[in-house]
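Please treat every number below as a calculation from the coordinates, not as lab data. All values derive from a computational prediction rather than experimental measurement. With ideal geometry, Cβ positions are generated from the backbone for all residues, glycine too; neighbour counts draw on all protein chains shown.
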Amino acid sequence: MIETPVDPAQVEGFMGRVMSMYAGAMLNYMIDIGHRTGLLAAAADGAATSEELAGRAGLTERYVREWLATMVSGGIVEYDPPTRTYTLPPAHAACLIDGRGPINLAPFAAFQTHLAKHVHQVARAFKEGGGVPYAEYRPEFTDVMDGASRGFLDAFLLDYCVPLVPGLADRLTAGGRVADVGCGTGHALVLLGRAYPQSTFVGYDIDDAALARGRAEAAGAGLTNVRYEACDAARLVVDEPFDAIFVFDAVHDQVDPARVLRRIHDALRPGGFFVMKEPHAADALEDNLLNPMAPILYGCSTLHCLPISLAHGGAGIGTMFAEGLARQLLADAGFTGIDVHPVAGDPADAVYVCTK
């Protein structure tokens, strides 16, 4: 065996990089805690001591003080020693607080907190094959996905996604039929149902708990034009076709995505539209390397999307859903006029619009 000389400077440099990764992981958990407990929102209200901040948030000061030390040393919160006060800079608050910037990134921290709990199961699948069934990730994944998706839906669904479909807004104003397949907690349908009271909206999902939350939100909003049904997307059959069907981040981790897309195609009226928001990647690994989101997306794929599909012998597309593959699957399902639209401020995703 021939030993290759190792440059000590390179070793030291990479060690520093690894430690920065570990520091980032800890800061991820701190952001998650700050979001869950209201600490981030409280910190955004102005400079405060640890005692004052704990009082604002209704929390235990000693924990708040240790959290602040992590956030200060990680460069997220600023500290003024003479006054013992902590400040969340406005630019940081714009990224971590609802309403302070274009989108709140804090809910996404829960993904890593949640997925870390399943590392041992995924590692076992590496050795034994198979995967980790979706049921193992529930019900917590429902909360994680709901928290992460609401910001996008609130910001983009009505003002961006709907206008991408020619004539859809007019159709829904007059009275149309729309489905959301893999709807989760169904927040998208609440937004659509409120905006277009003359139309009918149906959400399909396999998660009964998520559907119950959707029904509760729709009822709380006083909506009678929204309903939810338990259904495996691969077995979707409808009595009356839809004018449009949406899917948000639910095709790439299906066991049989080709069959799901065929079922969606068959559930549309002739000339109906299919709109799916999915991760957007290049077909080749080397073409994804400059994407700063690539490590996150490939990691989520390894820990969630891939093992869910492979647990049932599925296609195993993974989170990095390549545009070439997506176009091929859509075409094979019978869709035409496939257009791909970027999502402003979200380079990791794209919106596909196509026609039956």
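Could you work out the helix-only [θ] at 222 nm for the chain, with each DSSP H run of four or more residues adding -39,500 (n - 2.57) and the total divided by the number of residues, to the nearest 500 deg cm²/dmol? Please list the in-between numbers first.
Values: 15 runs with 156 residues, N = 356.
That comes out to -13000 deg cm²/dmol.
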Can you return the aspartates and glutamates within cross-link range of LYS356? Criterion is Cα-Cα under 18 Å, with same-chain partners fewer than 8 residues away left out.
ASP180, ASP239, GLU240, ASP243, ASP266, ASP332, ASP339
Mind telling me which of ILE76, ILE317, ILE264 comes out most flexible in a GNM of the chain, alpha-carbon contacts under 10 Å?
ILE76
Choice from ASP332, ASP205, ASP256 with maximal GNM fluctuation in the chain (Cα, 10 Å cutoff):
ASP332
Tell me the trypsin sites (Lys or Arg not before Pro) within the range 42-131 that lie in a loop according to DSSP and have at most 15 other beta-carbon atoms within 10 Å.
ARG84, LYS117
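Ranked highest first by the average count of other Cβ atoms within 10 Å around their residues, in what order do 208-215, 181-188 fall?
181-188, 208-215
Just rank LEU172, LEU261, LEU164, fewest to most, by other beta-carbon atoms within 10 angstrom. Intermediate results must be reported in sequence, preceding the final value.
Values: LEU172 24, LEU261 27, LEU164 15.
Lowest count first: LEU164, LEU172, LEU261.
Filter the chymotrypsin sites (Phe, Trp or Tyr not before Pro) in the range 172-238 down to the DSSP loop ones having no more than 16 other Cβ atoms within 10 Å, then list what survives.
Details: sites: PHE201, TYR204, TYR228; in loops: none.
Filter output for the range 172-238: empty list.
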As straight-line cross-link partners of LYS127, the qualifying lysines (C-alpha separation under 27 Å, not fewer than 8 residues apart within one chain) are LYS117
Could you sort the peptides 304-312, 245-253 by per-residue average Cβ neighbour count (10 Å cutoff), highest mean leading?
245-253, 304-312
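Please sort 345-351, 77-83, 143-149 by packing, taking for each peptide the average over its residues of neighbouring beta carbons within 10 angstrom, highest first.
On the way: 345-351: 16.6, 77-83: 12.1, 143-149: 19.3.
Per-residue mean Cβ counts within 10 Å order the peptides as 143-149, 345-351, 77-83.
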Give me Rg over Rh for the chain, both radii from the alpha carbons and Rh done the Kirkwood way, two decimal places.
1.01
